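Trainee: The structure is given below, and queries will be raised subsequently.
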């Protein structure tokens, strides 16, 4: 990809990030705000923007919410971001002076996407998560609470979990699942995945 194309894509990603940040701010709903017509629910936040290299670029905006997001949230963000971009012409003009075509999709993260930023975690308290740590190890456990603690003068966010682990017991060495309390520092986490249980 050329440097100019890369710069253009990075610029669009920055514009989308800036738009969602402003549209979800308390100021967006205030009388006289330039963002009033684009105001979004304050519980929504941006996770990632992906832009394809195809002839007609596809912009995929992945959002989440403090209590999750639904189809209506995605549709609302898509409608208002699309309207905002009508003024912006994100990919510039063609030889006829028309806005270059692109496709816009706003979606929620799938279960395989994982938890990448701290704001995703509070809604999953009480659920079992698999934590992939930055040192390459993994921990599986139920997220019991999220706390703040001071370490070397800095406030750190930590997860209190009930960790699941297995030990071999008996003559046949049959594995048995056991549980113990554990603490994980958010700074140590690379990504975490919600574990879906089908038990009734």
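The values are calculated or read from the model by the stated rules, or taken from the named source; none is laboratory data. Note that this is a predicted model, so its numbers are computed, not measured. Every residue, glycine among them, receives a Cβ derived from its backbone with ideal geometry; neighbour counts consider all protein chains shown.
Trainee: Quick one: in the stretch 62-80, of everything that is in a helix (DSSP H, G or I) and in contact with a strand residue (DSSP E or B) (Cβ under 7 Å, 6 or more places away or on another chain), which residue is nearest to residue 92 (Cα to Cα)? So that I can check it myself, show each step before the final result.
Mentor: Pass one, the stretch 62-80, residues in a helix (DSSP H, G or I): 71-80.
Pick out the ones that are also in contact with a strand residue (DSSP E or B) (Cβ under 7 Å, 6 or more places away or on another chain) and you get 73-74, 77-78.
Numbers: 73: 28, 74: 25, 77: 22, 78: 20 Å.
Only one residue tops the list, namely 78.
Trainee: If a residue must be under 18 Å from residue 92 (Cβ atoms) and surrounded by 14 or more Cβ atoms within 10 Å (Cβ to Cβ), how many such residues does the stretch 1-17 contain?
Mentor: Of the residues in the stretch 1-17, 6 are under 18 Å from residue 92 (Cβ atoms) and surrounded by 14 or more Cβ atoms within 10 Å (Cβ to Cβ).
Trainee: Output the residues belonging to the stretch 18-44 that are touching a strand residue (DSSP E or B) at 6+ places or on another chain (Cβ under 6 Å) and either surrounded by fewer than 17 Cβ atoms within 10 Å (Cβ to Cβ) or touching a residue at least 40 places away in the same chain (Cβ under 8 Å) (or both).
Mentor: Within the stretch 18-44, the subset touching a strand residue (DSSP E or B) at 6+ places or on another chain (Cβ under 6 Å) is 20, 24, 43-44.
The answer is 20, 43.
Trainee: Yes or no: residue 160 surrounded by 11 or more Cβ atoms within 10 Å (Cβ to Cβ), in the same structural domain as residue 123 (by TED's automatic domain parsing), closer than 19 Å to residue 120 by Cα and out of contact with any helix residue (DSSP H, G or I) (no Cβ under 8 Å at 6 or more places or on another chain)? Can you show your working first?
Mentor: Details: surrounded by 11 or more Cβ atoms within 10 Å (Cβ to Cβ): yes; in the same structural domain as residue 123 (by TED's automatic domain parsing): yes; closer than 19 Å to residue 120 by Cα: yes; out of contact with any helix residue (DSSP H, G or I) (no Cβ under 8 Å at 6 or more places or on another chain): yes.
Yes; evaluated as a whole, the condition is true for this residue.
Trainee: Another question, if that's okay. Applying the selection to the stretch 82-99, what residues are in contact with a strand residue (DSSP E or B) (Cβ under 7 Å, 6 or more places away or on another chain) and either part of a helix (DSSP H, G or I) or surrounded by 13 or more Cβ atoms within 10 Å (Cβ to Cβ) (or both)?
Mentor: Matches in the stretch 82-99: 82, 99.
Trainee: Still on this structure: Could you grab the pairs with beta carbons closer than 9 Å, sequence gap of 6+ or different chains, first residue in the stretch 139-151 and touching a residue at least 60 places away in the same chain (Cβ under 8 Å) and on the phi > 0 side of the Ramachandran plot, second one loosely packed, with under 11 Cβ neighbours inside 10 Å and part of a strand (DSSP E or B)?
Mentor: Listed pairs, sorted by first residue: none to list.
Trainee: Another one. State whether the residues of the stretch 109-116 include one that is over 21 Å from the mean Cα position of the chain (by Cα) and free of Cβ contacts under 8 Å to residues at least 12 places away in the same chain. Before you say what the answer is, go through the steps one by one.
Mentor: Going through the stretch 109-116, the residues over 21 Å from the mean Cα position of the chain (by Cα) turn out to be none.
The answer is no, given that none of the residues of the stretch 109-116 is over 21 Å from the mean Cα position of the chain (by Cα) and free of Cβ contacts under 8 Å to residues at least 12 places away in the same chain.
Trainee: Restricting attention to the stretch 125-156, report how many residues are touching a helix residue (DSSP H, G or I) at 6+ places or on another chain (Cβ under 7 Å) and at pLDDT 95 or above.
Mentor: Here is the first cut: in the stretch 125-156, the ones touching a helix residue (DSSP H, G or I) at 6+ places or on another chain (Cβ under 7 Å) are 133-134, 143, 146, 156.
Subset that is at pLDDT 95 or above: 133-134, 143, 146.
Result for the stretch 125-156: 4.
Trainee: Would you confirm, using the coordinates I've provided, whether residue 59 is assigned to a strand (DSSP E or B) and either modelled with pLDDT of 95 or more or over 20 Å from the mean Cα position of the chain (by Cα) (or both)?
Mentor: Values: assigned to a strand (DSSP E or B): yes; either modelled with pLDDT of 95 or more or over 20 Å from the mean Cα position of the chain (by Cα) (or both): yes.
Taking the combined requirement at face value, the residue satisfies it.
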